[in-house]
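Step one of this worksheet: look at the structure below.
The values are calculated or read from the model by the stated rules, or taken from the named source; none is laboratory data. On a predicted model such as this, the values are computed, not experimentally measured, just so you know. Note that each Cβ is placed from the backbone with ideal geometry, even for glycine, and that neighbours are counted across all protein chains shown. The protein model used for the area step is the full one, side chains on, heavy atoms only, and it has no ligands, DNA or RNA in it. Shrake-Rupley method; radii C 1.70, N 1.55, O 1.52, S 1.80 Å.
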Amino acid sequence: MRSNSIYPIATAAVALGTLLLPHAAAQSTRFEPSWKSLQQYRAPAWFEDARFGIFLHWGVYAVPAFGSEKYPQRMYLKDRTPGGKVTGVPDPVYQHHLERWGPLSKFGYKDFIPMFTAEKWDPEDWAELFRQAGARYVVPVAEHHDGFAMYDSSKTEWNSVNMGPRRDVLGELSKAVRKRGLKFGASSHYALNRSYYTCADDFDTCDPKYRGLYGNQQPRTEPASPKFLEHWYARTVDIIDKYNPDVLWFDFCINYPEFQPYLQRLGAYYYNHGNQSGDGVVLQYKDIGNGSFPEGTAVLDIERGKLNTIQKMVWQTDTSISKKSWGYIENDEFKSADSLIDDLVDIVSKNGCLLLNVGPKADGTIPTEARSVLLEIGKWLKVNGEAIYGSRPWKVFGEGPTQAPNGYMGERKRETRFTNQDIRFTTRAGAVYAIVLDWPSEALKIRSLSSKAGTGKISSVHLLGMSQALRWSQDEAGLTIQLPRTKLGDYAYTFKITLVQDRSGAEISPIAKSVDNWAHKLRR
């Protein structure tokens, strides 16, 4: 892989972002419901510093625990695809449901709700696990496509306080998470509810008694009705007003033209509401090819994929610990801590954050496999966190042969396996961090830090987790680091390269000079 760079002014903007733009934008700007006004948005510094969060898909769909979190949709696909195309072939989930639970006229999705009791759920246990995992923000699903609200909703009776657990899941978890100093968010997937379920004569989805859950179903090809759009907006504002989420994440289906004025209203409402906290808020939209929020008005999220260059604005990847489903299912497969740590490092080197999903069981417990992976990530971050938290991109994101697939669902196109020749860079407080994604077989050579690269003079090199400095040499071919005799740890390895500083405390490097020059122009 060639070393990838961005223009100097962009590098300066990224490096200086938390000093000048985010706090001013988050605390003083009054937003109007227009894209022009929303272009003033800047992600708050706390989000750029956080770099790692936890996503939670927990809902009624954890009861059947089969196929995926889309069970409520697919259980009604008697003869068609999720998009509505008639095939005459029943979906495997439909077949499973008939065999396990019986006809849909007698046992529909609504009948899983009394079984969703969450009898072992302890929000304090969850929050403590996420803290130990090293997460800095937590984003549970407030309401999925199924229409069941996991909070004390004033807009629908179909919620977790009235039914199922009979607890305010969002409220209880927010208190436990914030008590530990973590930021708290909520995700909304409700926009798809209008076309999620299939209505047929022998399905309970057609019964008017259950319309509050199943909705007024219409083909996805038809525009959402004004009534649905107003209801979607009201439900989202209800979440904002009741829980003050630091992060508000949107799934797809808000990217249709009829949503545009509502998104502008919602963006202005949320940003102005967030101004009251003083820390600023993060509104996230999913990249699915045709967008919903214009670039610069909110934070871009890439589902199960990455970007392959450094971005001026902070962005996010959302992916899951599990491979098959976002919600809990039986016999799922789980990613390794090794691969997820590599993903985190790769994402952060390009100015991104990782939102890592966990699917709890219906009883409220987190699968043992997922818990183990989270604790391993936390163990790694305790040693290497200074290269992640509060870091910013360096002049290049990395070097080495491996490049992850770019864009939406990239990880499903090809699994990325990094090697000991793959290095990713971050920078923070006068140091460059070179993170090698597997243990080098011999002395480590970093070409991007050669003597002719103009990156500044080096004063010392340390491997995080070791107290003594390492021996190193620098020439036109690169920086060569002599490795310790014993490998330290099991995953990615962080070499801290401290640069010589001048009397003012600033490192002598083109990056520092570029930032200083840019700041001077802004002050003028």
Quiz prompt | Net length gained if the chain between D122 and S459 were fully extended (0.36 nm per residue, minus Cα distance) | solution = 116.5 nm
Self-check item: Helix-only CD estimate at 222 nm, as mean residue ellipticity for the chain, using -39500 (n - 2.57) per DSSP H run (n ≥ 4)
Solution: -8500 deg cm²/dmol
Quiz prompt | FRET efficiency estimate (nearest 0.05) - Cβ-Cβ, S28 to D202, R0 45 angstrom | solution = 0.20
Quiz item: When the chain is fully extended, how far beyond the present Cα-Cα distance does S105 get from M466, taking 0.36 nm per residue of separation?
Solution: 123.5 nm
Quiz prompt | Charge dipole (debye, nearest 20) of the stretch 268-344; +1 at Cβ of Lys and Arg, -1 at Cβ of Asp and Glu | solution = 180
Exercise. Identify the trypsin sites (Lys or Arg not before Pro) of the stretch 447-486 meeting these criteria: DSSP loop state and at most 12 other C-beta atoms within 10 Å of the C-beta.
Key: K452, K457, R471, R485
Exercise. Out of all DSSP beta bridges with both ends in the chain, state the antiparallel percent to the nearest 5.
Key: 50
Quiz item: Leaving out ligands, DNA and RNA, what percent of the accessible area of the chain is carbon and sulfur, probe 1.4 Å?
Solution: 48
Self-check item: Contour excess over end-to-end distance, with Cα ends at E415 and N244 and 0.36 nm allotted per residue
Solution: 57.9 nm
Quiz item: If you rank T419, T29 by how much accessible surface each has, with a 1.4 Å probe, what is the order from largest down?
Solution: T419, T29
Quiz item: Considering only protein heavy atoms, what per residue accessible area in square angstrom results for the chain with a 1.4 angstrom probe?
Solution: 41
Exercise. Would you rank C206, C353 by solvent-accessible area, highest first, keeping every protein chain in place and using a 1.4 Å probe?
Key: C206, C353
Quiz prompt | Heavy-atom SASA rank of W439, W158, W232 (probe 1.4 Å, accessible area, largest first) | solution = W439, W158, W232
Quiz item: aspartates and glutamates near K487 by alpha-carbon distance under 20 Å, same-chain residues fewer than 8 away left out - which ones?
Solution: D338, D342, E376, E386, D422, D438, E442
Quiz item: How much of K175 can a 1.4 Å solvent probe reach, expressed as accessible area in Å² and rounded to 10?
Solution: 150
Exercise. Could you tell me which helices of the chain pass both thresholds, a Cα extent of 18 Å or more along their own axis and a mean Kyte-Doolittle hydropathy of at least 0.0, with helices taken as whole DSSP H runs?
Key: 8-28, 368-384
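Classify the stretch 161-205 from the C-alpha gyration tensor, please: rounded if a/c falls under 1.5, else prolate or oblate depending on whether a/b exceeds b/c.
It is oblate, given that a/c is not under 1.5 and a/b is not larger than b/c.
Name the longest site-free stretch of the chain, where the excluded sites are GluC sites (Glu not before Pro) in a DSSP loop with no more than 13 other beta-carbon atoms within 10 Å. Mind dumping the intermediate values first?
On the way: sites that count: E119, E157, E295, E330, E333, E415, E442, E476.
Counting at most 13 other Cβ atoms within 10 Å as exposed, the longest clean stretch of the chain is 158-294.
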Quiz item: Lys/Arg Cβ at +1, Asp/Glu Cβ at -1, dipole of the chain taken about the Cα centre: which of V161, S174, Y109 is farthest positive-ward?
Solution: S174
Quiz item: Among the aspartates and glutamates, which have Cα under 19 Å from the Cα of K120 when same-chain residues fewer than 8 positions away are ignored?
Solution: E128, D168, E172, E330, D363, E369
Quiz item: Between D438 and W35, what is the label-to-label distance in nm when each label sits 7 Å out along the Cα-to-Cβ direction?
Solution: 4.5
Practice problem: Please name which of P401, G430, I310 has its Cα lying farthest along the dipole of the chain towards the positive end, using unit charges on Cβ (Lys, Arg +1; Asp, Glu -1) and the Cα centre as origin. | Solution: G430
Quiz item: Of G53, F31, G134, whose Cα points farthest to the positive end of the dipole of the stretch 27-162 (charges on the beta-carbon: +1 Lys, Arg; -1 Asp, Glu; origin at the Cα centre)?
Solution: F31
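Find the relative contact order for the stretch 338-397 and round it to a whole percent, using C-alpha pairs within less than 8 Å whose residues are 6+ positions apart. Don't skip to the end; give the middle numbers.
On the way: 27 pairs, mean separation 27.4, N = 60.
Normalised by residue count, the contact order of the stretch 338-397 is 46 percent.
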Quiz item: With a ≥ b ≥ c the root eigenvalues of the C-alpha gyration tensor of the stretch 352-467, is it rounded (a/c under 1.5), prolate (a/b larger than b/c) or oblate?
Solution: prolate
Exercise. Any chance you could look up the accessible area of S187 with a 1.4 Å probe, heavy atoms only, rounded to 10 Å²?
Key: 0
Self-check item: Within the chain: Cβ-based charge dipole about Cα centre, in debye rounded to nearest 20 (Lys, Arg +1; Asp, Glu -1)
Solution: 1560
Quiz prompt | Assigned charges on the beta-carbon of Lys, Arg, Asp, Glu; the stretch 185-259 dipole about Cα centre (debye) | solution = 100
